[in-house]
1. For the range 174-191, in order, what is each residue's ³J(HN,Hα) by Karplus, 6.51 cos²θ - 1.76 cosθ + 1.60 with θ = phi - 60°, in whole Hz (x at glycine and Pro)?
2. Can you list the residues, at least 5 places off or on another chain, whose amide H is less than 5 Å from the amide H of ALA201, using H built in the peptide plane?
3. If you filter the range 80-185 for GluC sites (Glu not before Pro), then keep DSSP loop positions with at most 16 other Cβ within 10 Å, what is left?
4. Just to compare against my own numbers: the Cα pair-distance distribution for the range 290-434, 10 Å bins, whole % per bin, please.
5. Give the whole-number value, in cubic angstrom per residue, of the convex hull volume spanned by the C-alpha atoms of the range 167-284.
6. With the contact rule set at Cα under 8 Å and sequence spacing of 6 or more, what percent relative contact order holds for the range 67-202?
7. How would ASP468, ASP571 rank on accessible area, largest to smallest, probe 1.4 Å?
8. I'd like the distance between the alpha-carbon centres of the range 107-131 and the range 412-441, rounded to an integer number of Å.
Amino acid sequence: MMVCVWRMWQRGSALSARLRKKDWPCMFAGFSGRFYSTKTAPQIPGMEYQDAVCTLNTLQTNSSALEQVRRERSHPQQQLQAMRGFLERAGLSVVELDHLNIIHVTGTKGKGSSCAFTEQILRGYGFRTGFYSSPHLVQVRERIRINGQPIGKELFTKYFWQVYSRLDETKDAHEGTMPAYFRFLTILAFHVFLQEKVDLAVIEVGIGGAYDCTNIIRKPWVCGISSLGIDHTQILGDTIDKIAWQKGGIFKPGVPAFTVRQPEDAMAVLRDRAKDIGCPLWVCPEFEAYQSECGRLDLGLAGQHQRSNASLALQLSQSWLQKRCLPAEGSISENTGSLQGISFKPSPTMVKGLADTVWPGRTQTLQHGAVTYFLDGAHTMRSMQACVHWFTETAAQHERNASGPVARVLLYNATGERDSAAMLKLLMPCQFDFAVFCPNITEAIASCNADQQNFNVSVENMLTRCLDNERSWRLLNRQQGGDSNKELLIEDSLSLVPGKRADTLVFPCILSALQWITQGRDVVLTDPAKAVLPVKPSIRAKAAPLGTAAQIHLLITGSLHLVGGVLKHIDPDSSK
């Protein structure tokens, strides 16, 4: 079966190669004239949503773009210069971005949740909101939202071709360069928000801050920094103070900025950055301070760690509203350095916004009959600690209401440079009955869903990483006296190690892992349209406890891409 997966992936890669070799000028032959602004560029006739996404995916492996990014890493200032060039080629300017009334947010953990709280609050006041975030879980449209909803397929397709055609027709004059995937989506988001005339745009930083492509923003209305930690060390540095320096790069002269409480080393760097830039920096009060003003505050996002994200969102929202509604009261910008933020009594709209916020894939619980899914895309040490605390507390509440034995299962994957062994160690106290590992491949059967294709990493690399994760778990189990023989194998699996048994100790895709874990007890996964992969008889027998348990509690974590792949299968509405 794994051989089948491998061959299908090869066919998909070959198709992508053909797409990359297409003569785009010929494809655009129906056009006449030149586009001097994306504002007047029409949609390309006959191009559907999947065509747009497939074309977008070619920017993942554009060799000239990748080489450009490598060069710029040693000269990070060039990253913003290159981004401005791409923006201008797309018919936009940094001056136009000034009109978007931007809230710019960075951080290591919680920046997406902070943005989600902020957007929900301000939308509650009747403002038309734009929200740019990353990564997406199921469909790329999720990254660009209008009034809280991913832009529609028709809208995405229209605006995609407007921006892409302008960049494509100017590439010959710029050594054939096209922006890489994230850069393109950032430009597209700015274009969409301008065209759709949003009242404000909440912009989440991709990686870092100082040299992130979103930092071409010159005049945000307010900036925010969520909890800092160690991540993306090859790009941002390997210490908290180096990372804090990068994050503080989004500060702008005279623009108020808010940060949650940080480790002292990080806080010192942020204070220095704010002072050097001339930015008034405020430290958000504890969440309890707001509750003392108005009583209990409910959050739509679960977990204790969301409380600091909610405090940041309240400060960002209040600051934005003050500038919008009380522009003459600009005394906040007269202060520089670091000051303690002031708690206030949240308005009824703020209270409702905090309670109504939804941010899929982050401390999310979905119950399908006997199977309860706990989804959290934690992928750093601090976020995994928060995930373990949330899961332990939430799963215990569910178990108290169970009518019989509960089986706990971990579905895990990690990507990139992250220390999987250390994160898996944090998960050991959860006392899982089974640990399952799979790559971020949604299903073994080839599908037309281009939204979740990733050409920047090979299938072999993904499976090798799964093998490493599984071995780490076994080693941790042996160290704690656990059972080291919980092998979860697909029949006729592909060996990546010459001379070894054909046992990868992982499932080849997310669907096969989910089908084995749920044992036919989730009707969504028993859809005849979903192929069921055969497993070895010995492994089928080991699933007996999953079939007889009163409930199955499944924690999916380690990667937002893994969480997105699971949601694609268990939440059909997410793919519409």
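1. Going residue by residue, I get 10, 6, x, 7, 10, x, 5, 3, 5, 4, 4, 5, 5, 4, 4, 4, 4, 4 Hz, with x marking Gly and Pro.
2. Result for ALA201 returns ILE102, ILE103, GLY130.
3. On the way: sites: GLU88, GLU96, GLU119, GLU142, GLU154, GLU169, GLU175; in loops: GLU175.
The qualifying sites are GLU175.
4. 9, 31, 27, 20, 10, 3, 0
5. Working: hull volume 14.7 nm³, N = 118.
It comes to 124 Å³ per residue, whole-number rounded.
6. Working: 137 pairs, mean separation 45.2, N = 136.
So the answer I get is 33 percent.
7. Values: ASP468 70, ASP571 50 Å².
Final ranking, largest accessible area leading: ASP468, ASP571.
8. Cα centroid of the range 107-131 versus Cα centroid of the range 412-441: 30 Å apart.
The values are calculated or read from the model by the stated rules, or taken from the named source; none is laboratory data. Small disclaimer: the values here were computed from a predicted structure and weren't measured. Glycine gets a Cβ as well: all are built from the backbone with ideal geometry, and neighbour counts include every protein chain shown. All accessible areas refer to the heavy atoms of the entire protein, side chains included, with ligands and DNA or RNA removed. Shrake-Rupley method; radii C 1.70, N 1.55, O 1.52, S 1.80 Å.
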